[in-house]
Amino acid sequence: MTDQCNVCAAALLPALYDSGAGASLTSLCRIVDTPTRVRACPACAHIQTDEVVHAPTYYDKEYDILVESEDEDQIYEVIAGTPVFRTAHQVAVLQDKLSLSAGTKLLDYGCAKSSTYRALAQARPDIELNLFDVSDRYVPFWATFLTPDRWSTYVPRSEWTAYFDVITSFFAFEHIPDPVASLRTVASLLRPDGRFYCIVPNVFSNVADLVVVDHVNHFTHTSILRMFSDAGFASVDIDDTVHRGAFVVVAGKSISGADASTRDDPSVAALLAEARRLGDFWSTAAQKARDFERTLRDDDVLAVYGAGFYGAFLAAVLEKPERIRCFLDQNPHLQGRVVNGCPVIHPSSLPTDISVLMVGLNPANAKAIIDQLDALTALRKFFL
């Protein structure tokens, strides 16, 4: 644990959220017996969770996101009942944001399975793709579309210094305890006119991010600008609309160094107030779910909509989680699995004796999603 901001090293404020003793949830929806403690930085408005895992060991040996199959993916949105998966959306946004000419040299930094580059390899065989991660457990996935000379594990290849035109990172920097140091490494691997393309969660539009215990960083506009400036980037563009629940950042490598104009941003106070509001929301969310549970009849049968983080959170905080009959999810990669001892099924297969639905989705769009599903209309519902 550190009392300093991971971005600017200022002393952190007192906790805005503390789960207290008991279980927390990781980004893989696994319950760990440790508290979640979140604090904020008064200087750059970075929001930070106390580190509770030894990062090098955890990401090398334990973190195994989406490794059940080569095609496993997460749903980005559902349009007219048809899922749109995150990988396809990320490829589309990347190509829209960057003009990738033939021969462009790219590196996916902190790539894990790198389903995005696998899809990009099929769409753009005319560009050069490379991979880097701090674990070798994903090599079997990489080998399906690249040769070993195009990847590196644990340490970037020495010949990669000042080599790449574009470096990308898809949901990796929220896990890194020293993000500025990693960003400086990224800068060292870019050509003088190279660009870094990065996606990280936006805690203000994806509120669950605040209580993901292995997300040590929850970036804000001001902390992103400060981090990129200190790491030697300029022309930082932050888009918080093109990818729901996330920031998409595109930055150019700077020759002149840090831009002091990113410091002392007057919006820091407003961001800190919003962070406190989020802390208050999660401080009462568990109690809200338990209060609803106590209103149920003895013969009520529960289903949880959402087999991801929000659904796992509900299962973790209920006093009698054994009342849950099943989890509902439209992601075919999750259907057929078991979560907390319960099967994951498509909403159209809802058992007839289910009377209550607890909705484990992002509160920002949960009601709109549920309203599209006629099979759930008659159920009594709980929303976070």
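Brief remarks on what is shown
- Selection of region 338-363 for residues being touching a residue at least 40 places away in the same chain (Cβ under 8 Å) and either of a type outside the set (A, V, I, L, M) or assigned to a loop (DSSP other than H, G, I, E, B) (or both) yields Pro347, Leu350, Pro351, Asp353, Ile354, Ser355, Gly360, Leu361, Asn362, Pro363.
- Counted residues, region 9-65 - those being under 20 Å from the mean Cα position of the chain (by Cα), on the phi > 0 side of the Ramachandran plot and modelled with pLDDT under 90: 1
- Test: residue in region 134-142 that is basic (Lys, Arg), in a helix (DSSP H, G or I) and surrounded by fewer than 21 Cβ atoms within 10 Å (Cβ to Cβ): no
A quick yes/no check of all residues on (1) not in a helix (DSSP H, G or I); (2) not aromatic (Phe, Trp, Tyr):
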{"position": "Ala275", "(1), (2)": "no, yes"}
{"position": "Phe281", "(1), (2)": "no, no"}
{"position": "Ala286", "(1), (2)": "no, yes"}
{"position": "Thr295", "(1), (2)": "yes, yes"}
{"position": "Asp300", "(1), (2)": "yes, yes"}
{"position": "Tyr310", "(1), (2)": "no, no"}
{"position": "Ala315", "(1), (2)": "no, yes"}
{"position": "Phe327", "(1), (2)": "yes, no"}
{"position": "Asn331", "(1), (2)": "yes, yes"}
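- For Arg118, the conditions (1) modelled with pLDDT of 95 or more; (2) within 26 Å of Phe85 (Cα to Cα); (3) among the charged types (D, E, K, R) are fulfilled apart from (1).
- Check on Glu70, of a type in the set (D, E, K, R), modelled with pLDDT under 85 and closer than 30 Å to Thr284 by Cα: no
- Residues that are basic (Lys, Arg) and outside any strand (DSSP E or B) occur at least once in region 183-193.
- All positions within region 204-225 that are under 10 Å from the mean Cα position of the chain (by Cα), within 15 Å of Pro363 (Cβ to Cβ) and either at pLDDT 95 or above or among the polar types (S, T, N, Q) (or both): Asn206
The values are calculated or read from the model by the stated rules, or taken from the named source; none is laboratory data. Worth saying up front: this structure is predicted, and the values here are computed from it rather than measured. Cβ sites come from the backbone with ideal geometry, for glycine too, and all protein chains shown count toward neighbours.
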